[in-house]
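The values are calculated or read from the model by the stated rules, or taken from the named source; none is laboratory data. Since we're looking at a predicted model, the values are computed, not measured. Because the Cβ atoms are built from the backbone with ideal geometry, glycine has one as well, and the counts that use them run over all protein chains shown. Note: accessible area is taken over every heavy atom of the protein model, side chains too, but ligands, DNA and RNA are not part of it. Shrake-Rupley method; radii C 1.70, N 1.55, O 1.52, S 1.80 Å.
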Amino acid sequence: MNIRGAYDQNNIFAQILRGDMPCCKVYEDDHVLAFMDLFPQSPGHTLILPKNAGRNLIDTDDKVLAQAIIRVKKIAIGVEKAFDPDGLIITQFNGEAAGQTVFHLHFHIIPRFKEQPFDRHGKGNPADREVLHAQAERIAEAIKQIEA
Ligand code: AMP
């Protein structure tokens, strides 16, 4: 599959956006949905999906990207407040060869903690959904404080 393939309406993130599959929701507005990564590379690993996205960054409309990156920043500050990490990786992958596994554009926010092991992309273990829900609530509360 190359970078520019057709958008699959049944990819897992499209199903989550339609409400057909569950997620541990962190944030939602008209432009984006954010939820906890089910296979976190570190505690607090959060995904942000522009709702009106293509498969990846280069086939997504500029206006959608502009709205999304503002939310990425806000949610990153929420993750920072909730987890107090030493650093934050903010990344996204374009195409299978680059490591992309779900073909609806999304941004990863991955907290980094000094001296703590860091799972490689795609190598994390599935997390307990109860733990993820609790983490999502912490981040959501931090975002509400930012917005207040
Ligand atoms: P990428 O490899 O950049 O396409 O990222 C896809 C991410 O989605 C990976 O980090 C997966 O762990 C994560 N993921 C896959 N399925 C789910 C799901 N049902 N809920 C939450 N995260 C998921």
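Here are a few things to note about the model shown:
- Alpha-carbon gyration tensor eigenvalues x 5, square-rooted, for region 8-79, Å: 18, 17, 11
- Taking label points 7 Å from Cα along the Cα-to-Cβ direction, LEU65 and ILE12 give a separation of 2.6 nm.
- Ellipsoid semi-axes for region 105-148, based on the Cα gyration tensor and the rule √(5λ), read 23, 14, 12 Å when sorted largest first.
- Evaluated with a Cβ-only charge set (Lys, Arg +1; Asp, Glu -1), the chain carries a dipole of roughly 180 debye about its Cα centre, given to the nearest 20.
- GNM result for the chain, Cα springs below 10 Å: residue of VAL64, VAL131, VAL32 fluctuating most strongly: VAL131
- With all protein chains kept in place, the per residue accessible area of region 1-52 amounts to 50 square angstrom at a probe of 1.4 angstrom.
- Computed over neighbours whose Cβ is under 14 Å from that of ILE146, the net charge equals +2, Lys and Arg +1, Asp and Glu -1.
- Remark on TYR7: its backbone amide H falls under 5 Å from none of the residues 5 or more positions apart or on other chains, H modelled at 1.01 Å from N.
- Folded to 0 to 90 degrees: helix 62-83 orientation relative to the chain principal axis, Cα: 20
- Most mobile of ARG129, ARG138, ARG120 in a GNM of the chain (Cα contacts under 10 Å): ARG120
- Selected from ALA76, ALA68, ALA127 as most flexible by GNM, with the chain as the system and alpha-carbon contacts under 10 Å: ALA127
- Counting only alpha carbon atoms, the long axis of helix 129-147 and the longest principal axis of the chain meet at about 90°.
- In region 101-148, chymotrypsin sites (Phe, Trp or Tyr not before Pro) in a DSSP loop with at most 11 other beta-carbon atoms within 10 Å: none
- Cross-link reach list, lysines versus LYS144, counting only Cα pairs under 19 Å and skipping chain neighbours closer than eight places: LYS25, LYS73, LYS74, LYS81
- Percent carbon-and-sulfur accessible area, region 26-91, ignoring ligands, DNA and RNA, probe 1.4 Å: 52
- Under 12 Å, Cβ to Cβ, from VAL102 - net charge with Lys/Arg +1 and Asp/Glu -1: -2
- With the largest listed first and rounded to whole Å, the semi-axes of the equivalent ellipsoid of the chain from the Cα gyration tensor are 23, 18, 15.
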